[in-house]
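Okay, so here's the structure we're looking at.
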């Protein structure tokens, strides 16, 4: 028996909506001001202002990465991270499967509470935040000056040092679901 056109259309719309929903990590209000032209390398290499005189601070961006280290300070949690490209396939999220050279370290402050499991070294994340000037941070006991952001939202995949794509959907047969969670500070 062939399904009616209405049933077929409903199934198609549901499938498309669920595919899009997988990439909607943050509330729409959090991402509405994200700069579509932000380039991590230019921001990382910039002095407090770029040659045109335009400030590098105050830009809302979305960045993916891997946690290198995290520690609390009086304003929240400071996370030192390695920036990673965000990919859509084979699994949505930041990946190290891209060959590149150079320094991709940056840091950000999340001014809310985060689960300790979310802060494990190697976990992957995507943040939405606002760029600021470089700031001193502790990296393995040494003070370094890193490009810095203030995060409004962070989505964390508890991968440890594995790739997101290495986790399989479904439970059983040796597979387990990948724990992940979105955190946003009250606006």
Linear extension gain, residue 82 paired with residue 24, 0.36 nm per residue minus alpha-carbon span: 18.6 nm
Residue 182 to residue 31: extension gain in nm, 0.36 nm per residue of separation minus the Cα-Cα distance? 53.0 nm
Which distance in nm do the two modelled labels at residue 115 and residue 42 give, with both placed 7 Å along the Cα-to-Cβ direction? 3.7 nm
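Every read-out reported here was derived from the displayed coordinates using simple, explicitly stated rules and does not represent laboratory data. As the structure is a prediction and not an experimental result, all values here were calculated from the model. Positions of Cβ are backbone-derived with ideal geometry, glycine not excepted, and every protein chain shown enters the neighbour counts.
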